Amino acid sequence: MNKKRNIFILLLLSLLPLVLPAFADNSVPSFVLVIDAGHGGKDPGALGKKSKEKDINFAVSKLVSSYISKKHPDVKIVHTRNKDTKIELKARTDIANKANANLFISIHSNASGNRSFSGAEVYILGLHRSKENLAVAQRENSVILLEDDYHEKYRGYDPELPEFRIIYELMQEKYMQQSLHFATMVQKELVQTAKRKNNGVKQAGFWVLVGAGMPAILVELDYISNSDSEKFLASKTGQEKMAKAIANAFGEYKKEWDAKKNRNTTPNAIKEKDAKEKENNNPPKTGEGIVYKVQILATNKKLSKNSRQLKGYKADFYIENNLYKYTYGESSDWNEITRIRKSLLKDFQDAFIIKFENGVKQPVK
């Protein structure tokens, strides 16, 4: 038990800088995008009848880079691999963190024993919500076994352990909403531009996303195990359409990012923003001492009391990092707030507990 706790502490310490506020260098205005072509080298990924996943991922990643570079010359693009070589899973996010990336996109092609399966899906880091999500994560994570000394690098890793659930919640608190927002944009484009079947945006415990200190997504372009989908994935036309879809979504995301950056750097806009927050914010009714609440969702705009997103709950909200964060229930008793959270999971699968002390939000320990 002590060994497991020590492993957890070491992993938590290694991820701590990623969940704490970062002090950016304002002298570097460029947006840094890291594009990760899944698999490579002796790791072929999923296999179709005539093609290999690693080749499809690499071709699409290069096209995405080309399209984005032409339209967004201010974006610095970093590739985790520039040739057919094996890159360890942990090294991929290490590359993104060292580059101080603003966004991480990992590109993959899916596979299933059921060859009728087809369609695109985009994942963000989270706990498995279905057997299908778990199966996809297990397949992608299985490349760990090809790495040297994988027992040491990934020892104790188990997304189902309570210790790792805490880490997921820490990571989600800072980046989940941005990742989800971008994942939704990409999924929409894959359906509209690349004409892929819509399998939706999902959550799963992908090792390649664990440790990313920025919004991060994993794209499953389509199923290489489906003969029709494989032809599309391996074709020049198909790869161009999928790359354009991802590039289009990035363009929209970058447009929003630029707008927020400009607002935040204009003195008058900052004053207006502060005034708006004071006017609109519904301060947590915490009073003195410690009070726990359950955060159920976060949005970039204020919701009406009858919003479908609230699912009939009379929720409070507070504003943080330009997001409206909605909470339900409050208690100074940990066991009681835990029971409240448990009752909410049927409607809000990602609900988690937050803590206020004398009206100020504090990390949950």
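Cβ-Cβ under 7 Å, sequence separation 6+ or interchain: first residue in region 37-60 and more than 21 Å from residue 115 (Cα to Cα), partner surrounded by fewer than 18 Cβ atoms within 10 Å (Cβ to Cβ) and of a type in the set (S, T, N, Q). Which pairs? So the pair list comes out as 40/85; 41/85.
Screening region 287-306 for residues that are in contact with a helix residue (DSSP H, G or I) (Cβ under 7 Å, 6 or more places away or on another chain) and of a type in the set (A, V, I, L, M) and picking the one that is nearest to residue 335 (Cα to Cα) gives 294.
Might you check whether a residue that is farther than 28 Å from residue 200 by Cβ, among the small types (Gly, Ala, Ser) and either surrounded by fewer than 23 Cβ atoms within 10 Å (Cβ to Cβ) or not assigned by TED's automatic domain parsing to the domain that holds residue 210 (or both) occurs anywhere in region 106-129? No, every residue in region 106-129 fails to be farther than 28 Å from residue 200 by Cβ, among the small types (Gly, Ala, Ser) and either surrounded by fewer than 23 Cβ atoms within 10 Å (Cβ to Cβ) or not assigned by TED's automatic domain parsing to the domain that holds residue 210 (or both).
Would you pick out the residues in region 208-266 that are touching a residue at least 40 places away in the same chain (Cβ under 8 Å), in contact with a Gly (Cβ under 6 Å, 6 or more places away or on another chain) and in a helix (DSSP H, G or I)? The answer is 230, and nothing else. Among the residues making up region 317-365, none is in contact with a helix residue (DSSP H, G or I) (Cβ under 6 Å, 6 or more places away or on another chain), outside any strand (DSSP E or B) and farther than 19 Å from residue 175 by Cα.
Among the residues of region 96-109, those identified as farther than 21 Å from residue 220 by Cα and of a type in the set (A, V, I, L, M) are 99, 101. Can you name the number of the only condition in (1) surrounded by 15 or more Cβ atoms within 10 Å (Cβ to Cβ); (2) closer than 23 Å to residue 254 by Cα; (3) at pLDDT below 95 that residue 46 fails? Single failed check for residue 46: (2).
The values are calculated or read from the model by the stated rules, or taken from the named source; none is laboratory data. All of these numbers come straight from a predicted model, not from anything done at the bench. All Cβ positions, glycine included, derive from the backbone under ideal geometry; neighbour counts span all protein chains shown.
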